[in-house]
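In what follows, a single structure is set out as structure tokens and then discussed.
The values are calculated or read from the model by the stated rules, or taken from the named source; none is laboratory data. Predicted model only: the values in this text are computed from it and were never measured. In this analysis, Cβ positions are derived from the backbone assuming ideal geometry, glycine residues included, and neighbour counts consider all displayed protein chains. The area values use the complete protein model at the heavy-atom level, side chains included, leaving out ligands, DNA and RNA. Shrake-Rupley method; radii C 1.70, N 1.55, O 1.52, S 1.80 Å.
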Amino acid sequence: MSKVEIVGPRQLLGETLSLVRQEGDLHIEPSAVGFVDDIHKQEVHSLLPDEKALFEKIFLEEFESKLHNLFACLPPAMIRESYLSPRPIIDTVSRTLDNHLAMCRSLCDKRDAIQHDLLELSGYKSFLSSVSTLLDKIQLTPDLDYIGITLKDEKSVDILRNNLNCLADASCELFTMPAEDGAMVGLIAATKNISQTIRSLLSQKQMPEFKFPESLQTMTFIAKVEYLQKKIQESEKALQTVEAELEKFTHRWGPMYQAAHAWVREQLSIIQVSAFSFETAMCFFIYGWMPAEKVTSLSTSLQRNFAGSVVLEEIEIRTEDLDRVPVFLQNPQYFKPFENFTRLLPLPSYTSFDPTPFIGLFFPLFFGLILGDAGYGLIVLLLSSLSTRLARKNKLFMDALSILKVCSLYAIIFGLLYGEFLGNFGHNVLGIKPLLIDRQKNIIPMLYFAMAVGLAHVTLGLTMGFVSALRRHTKKEALVKLLNIIFIFLIVALIITFIGFFPELMTRPLIISILLLCPFLLFSGGLLAPLELLKNIGNIISYARIMAIGLTSVLLANVANQLSGLTGDIILGLIVGGIIHLISIIIGVFSSSIHSLRLHYVEFFDKFIELGGRKYRPFSSNQKKQNQTGISDSESKQQEKLYERPSQSS
Amino acid sequence: MDTVWIAFAAALAIGLPAIATAWAQSKIGAAGAGSLAEKPELSGTVIILVAIPETMVILGFVVAVIILLGG
């Protein structure tokens with residue numbers, strides 16, 4: 001990361017910020033601390049906006065608000081890019097916007113009113129459709145009264161038919177048919193003198209007559225049906241007309257207003273960022289940070305656009321600046337998916353290390369050591385490869401599958417070393433023999449091996465912590481880390497001597513060395529240093545989980561094989577074995593991932609990672625971010641959580 | 001009889017830390033879930049906090065293995 005300042009004449013500030021935004025690499029520093037010497041502090045002060053800038057800001061904010069209101073009215077549609085540059089015509093656009101906004105609002109209100117009407121009429125639609133079919137079937141006469149009803153089902157129709165005494169003497173008739181919503185629609189045609197009696201009967205039997213709107217009470221049944229049908233048709237036609245008008249407007253004016261919106265957003269962001277600029281009587285200053293490899297590109301752009309009037313200068317990063325340097329992740333393609341694990345923690349400081357490569361190397365290794373089954377590895381590899389096509393649109397899912405593929409390869413390798421293929425199935429049926437060790441029978445050697453892995457991992461962490469402390473020039477901390485490494489090796493050597501792998505003669509020199517180093521540890525690390533040492537030893541023992549969880553995984557696989565064998569039937573055995581193996585795979589993948597991750601977060605990272613880094617947020621347009629990364633806006637926001645390793649940026 | 005006592009000791013060595021770990025994780029997990037509802041960015045810290053008590057049961061397991069096989 002480079003510390004830079006951009007200097008130029010005050011009148012070129014807006015154009016310079018516009019160019020900086022276009023390049024999109026500069027993280028602008030709002031404070032001048034660390035950039036301006038004490039001697040020049042009086043001359044350089046924060047840029048205060050003048051009256052013109054304030055008016056411009058108010059105008060642009062109002063304009064943006066109007067554009068938002070306009071876009072809220074318009075239907076979502078694919079629109080072309082504008083051929084016009086909004087800057088020269090912004091005054092004209094501003095005037096037309098008022099008229100267009102009023103017109104669109106009126107259309108929107110009209111659309112909302114029609115939609116509201118249609119929503120209310122939708123309750124009648126199903127009934128009207130069925131009843132009009134029934135009316136078409138019968139001969140309509142003015143001497144008869146018609147009563148519409150909705151019935152729950154066929155059973156209700158039978159009940160009604162039994163209760164209508166008029167059916168016997170043919171003074172009334174009942175027609176029914178199923179409605180679109182699944183209910184039954186009924187139409188009773190009756191002579192006018194008995195229609196009131198039928199209505200009372202329906203009310204008594206809790207089969208009320210179909211209710212039409214209150215405003216239509218004076219109309220006859222047939223007139224009501226015709227009126228409502230006509231109204232629905234008219235409303236639907238009117239809605240289509242309004243929507244077509246809005247769509248036409250969107251296609252005609254949308255590109256221009258969208259371009260104007262982008263321009264307004266750019267201007268507003270420039271005004272906002274100009275508050276982070278500084279000025280003297282003649283010049284402006286912009287301070288910030290940017291990736292070292294991008295400095296030349298921005299410097300050349302400034303030189304080309306302003307003919308040397310605006311200059312970019314690189315400033316030396318001092319020790320006191322290190323806490324303020326923003327950071328982002330920058331890793332090779334293989335490690336990119338593992339950055340998701342790193343992002344679960346706060347950002348490390350600039351002087352610390354990016355933990356992603358370490359996770360990328362050790363996470364699959366621990367996963368393989370724990371799961372260690374060639375059959376399970378193959379199944380996971382197959383499933384993750386097949387799922388790749390489904391996950392194309394989801395970056396996080398794609399990353400998870402990439403990690404799973406690498407992990408499954410390690411599981412296959414260790415499965416062959418342990419001689420495991422679906423537990424003991426490979427050994428019993430396929431005759432697979434362990435290439436290295438049978439972990440079911442060699443529990444104690446596996447325990448030693450797991451702790452040896454822990455010793456190597458924790459020592460690596462402490463070594464990185466030692467290097468990191470030296471970089472920060474904190475010699476005392478570096479000494480504590482170094483002494484911890486020496487102590488751990490001495491204690492391990494002592495334990496090995498007690499077990500009998502080393503000659504007993506070594507016991508005394510080892511104990512003397514430990515006792516001699518104790519005062520150094522206390523003086524360099526204080527009273528808490530022995531506790532820190534104990535914690536480190538506890539961390540190494542914690543790696544025993546590699547063997548413990550691995551053992552449970554293989555035992556569960558063996559249980560699946562035994563149970564499937566006990567069924568005494570091939571098909572049933574396959575089903576039982578398949579289900580238990582599937583459960584075992586899910587548990588195996590989940591627990592292996594969680595415990596591998598835990599070994600990194602708790603046991604490894606706290607030895608050398610110093611958290612609390614500042615996020616690198618370049619001043620740029622969203623469009624540029626999307627072009628650079630090829631991902632959506634929301635994802636590009638997530639990408640801002642990146643930080644880079646100091647070795648690559650400094 | 002000795003075998004019974006050895007098995008009982010191994011069971012206690014892993015059983016008691018397992019109960020302790022479960023109790024600690026239930027408390028930390030509940031608090032962690034509450035924290036995550038308000039601040040999702042704390043997920044890394046919550047995983048670490050939930051994972052810390054697991055060391056107890058791992059140590060218990062190591063002791064149980066030593067009792068059963070090392071003795």
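Taking region A:58-84 as the range and being part of a loop (DSSP other than H, G, I, E, B) and of a type in the set (D, E) as the test, only A:E81 passes. Of the set (1) closer than 20 Å to A:L378 by Cα; (2) buried (at least 22 other Cβ atoms within 10 Å of the Cβ); (3) among the β-branched types (V, I, T); (4) more than 27 Å from the chain's Cα centre (by Cα), all apply to A:I585 but (4).
Let's see how each residue does on (1) of a type in the set (G, A, S); (2) within 14 Å of chain B (Cβ to nearest Cβ); (3) closer than 30 Å to A:V20 by Cα:
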{"site": "A:H581", "(1), (2), (3)": "no, no, no"}
{"site": "A:I587", "(1), (2), (3)": "no, no, no"}
{"site": "A:S593", "(1), (2), (3)": "yes, yes, no"}
{"site": "A:E603", "(1), (2), (3)": "no, yes, no"}
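Looking at this structure, is A:L574 free of Cβ contacts under 8 Å to residues at least 40 places away in the same chain, hydrophobic (A, V, I, L, M, F, W, C) and touching a Gly at 6+ places or on another chain (Cβ under 9 Å)? No: the conditions fail for A:L574. Looking across region A:344-391, the residues that are surrounded by fewer than 18 Cβ atoms within 10 Å (Cβ to Cβ) and either within 14 Å of another protein chain (Cβ to nearest Cβ) or outside any helix (DSSP H, G or I) (or both) come down to A:L344, A:P346, A:T388, A:R389, A:L390, A:A391.
Taking first residues from region A:328-343 that are touching a residue at least 12 places away in the same chain (Cβ under 8 Å) and within 14 Å of chain B (Cβ to nearest Cβ) and partners that are open to solvent by 30 Å² or more (accessible area, probe 1.4 Å) and aliphatic (A, V, I, L, M), the Cβ contacts under 7 Å between residues at least 6 apart in sequence or on separate chains come to A:N340/A:L396. Of all the listed residues (A:K155, A:K125, A:K110), the sole one being surrounded by fewer than 11 Cβ atoms within 10 Å (Cβ to Cβ) and either part of a helix (DSSP H, G or I) or without any contact (Cβ under 8 Å) to a residue 24 or more places away in the chain (or both) is A:K155. With the structure loaded, tell me whether B:T3 is of a type in the set (S, T, Y) and either away from chain A (no Cβ under 11 Å) or in contact (Cβ under 8 Å) with a residue 60 or more places away in the chain (or both) or whether it fails that test. The answer is yes for B:T3.
So that you can scan it fast, the table gives a plain yes or no per residue for (1) open to solvent by less than 70 Å² (accessible area, probe 1.4 Å); (2) in contact with a Gly (Cβ under 8 Å, 6 or more places away or on another chain); (3) more than 9 Å from chain A (Cβ to nearest Cβ); (4) polar (S, T, N, Q):
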position: B:A22; (1), (2), (3), (4): yes, no, yes, no
position: B:L36; (1), (2), (3), (4): yes, no, yes, no
position: B:E41; (1), (2), (3), (4): no, no, no, no
position: B:A51; (1), (2), (3), (4): yes, no, no, no
position: B:E54; (1), (2), (3), (4): yes, no, no, no
position: B:I58; (1), (2), (3), (4): yes, no, no, no
position: B:L68; (1), (2), (3), (4): no, no, no, no
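Restricting attention to region A:162-193, the residues being outside any strand (DSSP E or B) and open to solvent by 40 Å² or more (accessible area, probe 1.4 Å) number 12.
Can you list residue pairs whose Cβ atoms sit under 9 Å apart, with the first residue in region A:528-545 being touching a residue at least 12 places away in the same chain (Cβ under 8 Å) and within 11 Å of another protein chain (Cβ to nearest Cβ) and the second being of a type in the set (K, R) and surrounded by fewer than 17 Cβ atoms within 10 Å (Cβ to Cβ)? Count only pairs 6 or more apart in sequence or on different chains. So the pair list comes out empty.
For the residues A:V554, A:V480, the requirement of being away from chain B (no Cβ under 13 Å), out of contact with any His (no Cβ under 8 Å at 6 or more places or on another chain) and over 30 Å from A:E420 (Cβ atoms) singles out A:V480. Counting only residues that are in a helix (DSSP H, G or I) and open to solvent by 10 Å² or more (accessible area, probe 1.4 Å), region A:325-343 holds 7 of them. Among the residues of region A:42-53, the ones that are surrounded by 12 or more Cβ atoms within 10 Å (Cβ to Cβ), in a helix (DSSP H, G or I) and not small (G, A, S) come to 0 in all. Just one residue in the set A:E477, A:E420 is open to solvent by less than 70 Å² (accessible area, probe 1.4 Å), touching a helix residue (DSSP H, G or I) at 6+ places or on another chain (Cβ under 7 Å) and charged (D, E, K, R); that residue is A:E420.
Given the condition closer than 25 Å to B:V62 by Cα, of a type outside the set (D, E) and exposed (fewer than 13 other Cβ atoms within 10 Å of the Cβ), answer yes or no: does some residue in region A:538-556 qualify?
Within region A:538-556, none of the residues are closer than 25 Å to B:V62 by Cα, of a type outside the set (D, E) and exposed (fewer than 13 other Cβ atoms within 10 Å of the Cβ).
Applying the selection to region A:195-225, what residues are outside any loop (DSSP other than H, G, I, E, B), surrounded by 13 or more Cβ atoms within 10 Å (Cβ to Cβ) and over 57 Å from the mean Cα position of the chain (by Cα)? Within region A:195-225, A:S195, A:T197, A:I198, A:R199, A:L201, A:L202, A:F221, A:I222 meet the criteria.
Across region A:286-324, which residue is surrounded by the most Cβ atoms within 10 Å (Cβ to Cβ) among those that are of a type in the set (V, I, T) and assigned to a loop (DSSP other than H, G, I, E, B)? Checking each candidate, the answer is A:V310.
Residues that are modelled with pLDDT under 90, open to solvent by less than 70 Å² (accessible area, probe 1.4 Å) and assigned to a helix (DSSP H, G or I) are absent from region A:566-578.
Residues considered: A:I496, A:I444. Of these, the only one that is closer than 19 Å to A:M547 by Cα, in a helix (DSSP H, G or I) and modelled with pLDDT under 90 is A:I444. For the residues A:E61, A:E29, A:E5, A:E56, the requirement of being touching a strand residue (DSSP E or B) at 6+ places or on another chain (Cβ under 8 Å) and farther than 19 Å from A:T300 by Cβ singles out A:E29.
When you scan region A:398-416, do you find a residue that is touching a residue at least 24 places away in the same chain (Cβ under 8 Å), within 14 Å of chain B (Cβ to nearest Cβ) and open to solvent by 10 Å² or more (accessible area, probe 1.4 Å), even just one? Looking through region A:398-416, none of the residues is touching a residue at least 24 places away in the same chain (Cβ under 8 Å), within 14 Å of chain B (Cβ to nearest Cβ) and open to solvent by 10 Å² or more (accessible area, probe 1.4 Å).
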